[in-house]
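Here's the structure we're looking at; comments come further down.
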Amino acid sequence: MDFYLATKKLAYRLIGQQWLAPELQYPALLDQRASFQCEEIAPMLLSREVAQRNADIKRWFHLAPVDRELTQWLQRLSLHGVRIVLLEMRRSELVEQVIAPEKKDWQMRLRQALPAGPNIRYLASPAFTQANLHCDGRHMNIHGVRLFAPWWAAQLQQLRDGR
């Protein structure tokens, strides 16, 4: 939701109509000045938490709408030469297994609404499957970040180079 709201707000700024932008519901989560404290969860507790939240996670992906207005604005921006990259950050293998069907369906709906093109690109992070790379199954810890950062830097460089 945070990404959705932040992206929509950015799109409105880019088109000069920031007054239409939605208010961010969770501004504290978007504050990049504060370090993110991700509590390490023991594997057995994580499995239990994922099982308990399974229905909520699946329901969110199943019901989450693709914002047609936002995708149309992004499409227009891409036609004006703005390069748009949508990055799928994969979670731990445990979480990915639980949400796979619903997530795939939601991504398909998004790709239908905003097809890839010369200036619209979809990327997926590598699948970092080791349990010790995520602190809570969803967020990478410092070990995961150390693997992710070089890959991301290479992707950004390729985008700059036009590949």
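When all protein chains stay in place and ligands, DNA and RNA are ignored, the 1.4 Å accessible-area order of MET140, MET44, largest first, is MET44, MET140.
Full extension of the chain between SER47 and LEU87 gives 11.8 nm of extra length, using 0.36 nm per residue less the Cα-Cα distance.
Rolled with a 1.4 Å probe across the full set of protein chains, the surface gives ARG160 an accessible area near 150 Å². Legend: residues TRP152, TRP60, sorted from most to least accessible area (1.4 Å probe; ligands, DNA and RNA excluded), read TRP60, TRP152.
Using only the alpha-carbon atoms of region 26-162 as identical scatterers, what base-10 log of I(q)/I(0) does the Debye formula give at q = 0.16 Å⁻¹? Per q value, in the given order, log10 I(q)/I(0) is -1.07.
The values are calculated or read from the model by the stated rules, or taken from the named source; none is laboratory data. Bear in mind the structure is a predicted one, so any value in this text is a computation, not a measurement. We work out accessible area using only protein heavy atoms, side chains counted, and drop any ligands, DNA or RNA first. Shrake-Rupley method; radii C 1.70, N 1.55, O 1.52, S 1.80 Å.
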